[in-house]
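J.: Pasting in a structure now, in structure tokens, and then I'll have a few things to ask.
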Amino acid sequence: MISRTREMLIEKGLFLTAIFSIIIILLIVLFIFREAIPIFQDYGFIHFIFGWEWAPSDGEYGVFTMIVGSLCITFLSLAIAVPFSFLCAIFMAEIAPQFMRRILKPVIETLAAIPSVVYGFFGLIVLVPLVRTHIGGTGFGILTASLILAIMIMPTIISVSEDAIKSVPLEYKEASLALGATHWQTIRYVIVPAAIPGIITSIILAMGRAIGETLAVIMVAGNVAQIPSSILDPVRALTSNIALEMGYATGLHYSALFGTAVILFIVIMILLVIANYFHYKKKIVVGGGYL
């Protein structure tokens with residue numbers, strides 16, 4: 001009886017915690033949308049999204065250039081990070097000896113724990129001069145920001161992908177080896193396809209981290225509101241725009257920054273919906289069930 005009561009209290013407590021979390025998120029979203037209403041009413045929602053000019057002193061509040069900048073940085077960072085992270089996860093889960101796993105795991109977890117300002121400082125001191133000297137441009141731009149973000153999101157992709165690979169039932173591996181497949185063939189044709197949903201989940205989480213990163217991007221992206229013509233051009237991300245100008249914004253400018261947050265929220269939701277669609281499309285049917 002006591003154990004049953006305790007179990008019920010724990011269950012109700014977890015339920016209330018979940019409801020409370022949902023309410024907090026809804027309140028935050030409602031606050032952001034409420035503060036953004038004036039800019040949408042006075043400037044126009046479509047004009048705000050597709051306007052190319054951001055000049056608050058002249059009454060121009062177009063964020064299209066910053067949407068493009070955010071997407072360029074995010075997708076280039078994913079293009080750099082995903083292959084390396086994927087191969088590292090396979091190595092750690094299936095190939096690396098135990099002593100090497102004990103070394104690599106803490107190192108990767110340490111990378112995830114480093115503050116973004118440290119990454120930004122590293123990019124500012126090391127990567128910016130490196131890109132400027134050996135590749136071209138000013139060093140402040142999409143490439144440098146993407147390299148920093150790639151380093152920052154790799155621990156997420158590696159950890160979640162490794163767990164997905166390890167969660168594949170051992171019977172699949174044993175059956176493949178019993179049929180005469182080599183270890184590499186088993187990894188390529190059995191383990192990795194079965195772990196694809198988890199790997200896509202890791203990419204979704206990394207994408208959310210990349211598009212929402214602020215401080216490191218501010219320090220190395222150049223913060224110029226323009227449509228880039230190459231990966232060496234400086235850009236301004238949506239998050240950077242909010243952080244740079246919120247301290248002194250007033251009136252319609254203040255509302256425009258909340259409008260930028262709304263657009264960022266919408267962009268993230270669209271990307272997550274697309275990513276989750278492919279996540280569920282890639283689930284593999286094995287033995288009449290989903291992995």
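J.: Report, to the nearest 10°, how far helix 64-90 tilts away from the longest principal axis of the Cα atoms in the chain, using its own Cα long axis and a range of 0 to 90°.
T.: Computed tilt is about 20 degrees.
J.: Lys166: which aspartates and glutamates have alpha carbons under 14 Å from its alpha carbon, excluding same-chain residues fewer than 8 sequence positions away?
T.: Once the sequence-local aspartates and glutamates are set aside, what remains near Lys166 is Glu94, Glu174.
J.: What is the calculated FRET efficiency for Ile32 to Glu109, with r their C-beta to C-beta distance and R₀ = 22 Å, to the nearest 0.05?
T.: Numbers: r = 32 Å, r/R0 = 1.47.
Computed FRET efficiency for Ile32 and Glu109: 0.10.
J.: Semi-axes, largest first, in whole Å: what does sqrt of 5 times each Cα gyration tensor eigenvalue give for the chain?
T.: Values: eigenvalues 302, 154, 64 Å².
Ellipsoid half-lengths, sorted descending, are 39, 28, 18 Å.
J.: When Lys and Arg each count +1 and Asp and Glu each count -1, what net charge do the other residues less than 14 Å away from Gly259, Cβ to Cβ, add up to?
T.: On the way: positive: Arg34; negative: Glu35, Asp42, Glu60, Glu245.
With Lys, Arg at +1 and Asp, Glu at -1, the net is -3.
J.: Mind ordering 167-173, 200-206, 81-87 by average Cβ neighbours within 10 Å, highest first? Before the final figure, lay out the partial values.
T.: Numbers: 167-173: 13.7, 200-206: 21.3, 81-87: 18.3.
In decreasing order of mean packing, 167-173, 200-206, 81-87 become 200-206, 81-87, 167-173.
J.: Starting from the coordinates of the alpha-carbon atoms of the stretch 34-79, obtain the Kirkwood hydrodynamic radius over all distinct pairs and give the value in Å to one decimal.
T.: On the way: mean 1/r = 0.0865 Å⁻¹.
By the Kirkwood definition, the hydrodynamic radius is 11.6 Å.
J.: Which one of Ile39, Ile23, Ile158 has the biggest mean-square fluctuation once the chain is modelled by GNM with Cα springs under 10 Å?
T.: Among Ile39, Ile23, Ile158, the largest GNM mean-square fluctuation belongs to Ile23.
J.: Between the stretch 229-253 and the stretch 5-29, what's the alpha-carbon centroid distance in Å?
T.: 36 Å
J.: Also, quick follow-up: For helix 142-166, what angle does its Cα long axis make with the longest principal axis of the chain, in degrees from 0 to 90 and rounded to 10?
T.: 30 degrees
None of the figures in this text is laboratory data; all of them are computed from the coordinates on show. Because the structure is a prediction, the values reported are computed rather than measured. So basically every Cβ, Gly included, is an ideal-geometry build from the backbone, and we count neighbours across all protein chains shown.
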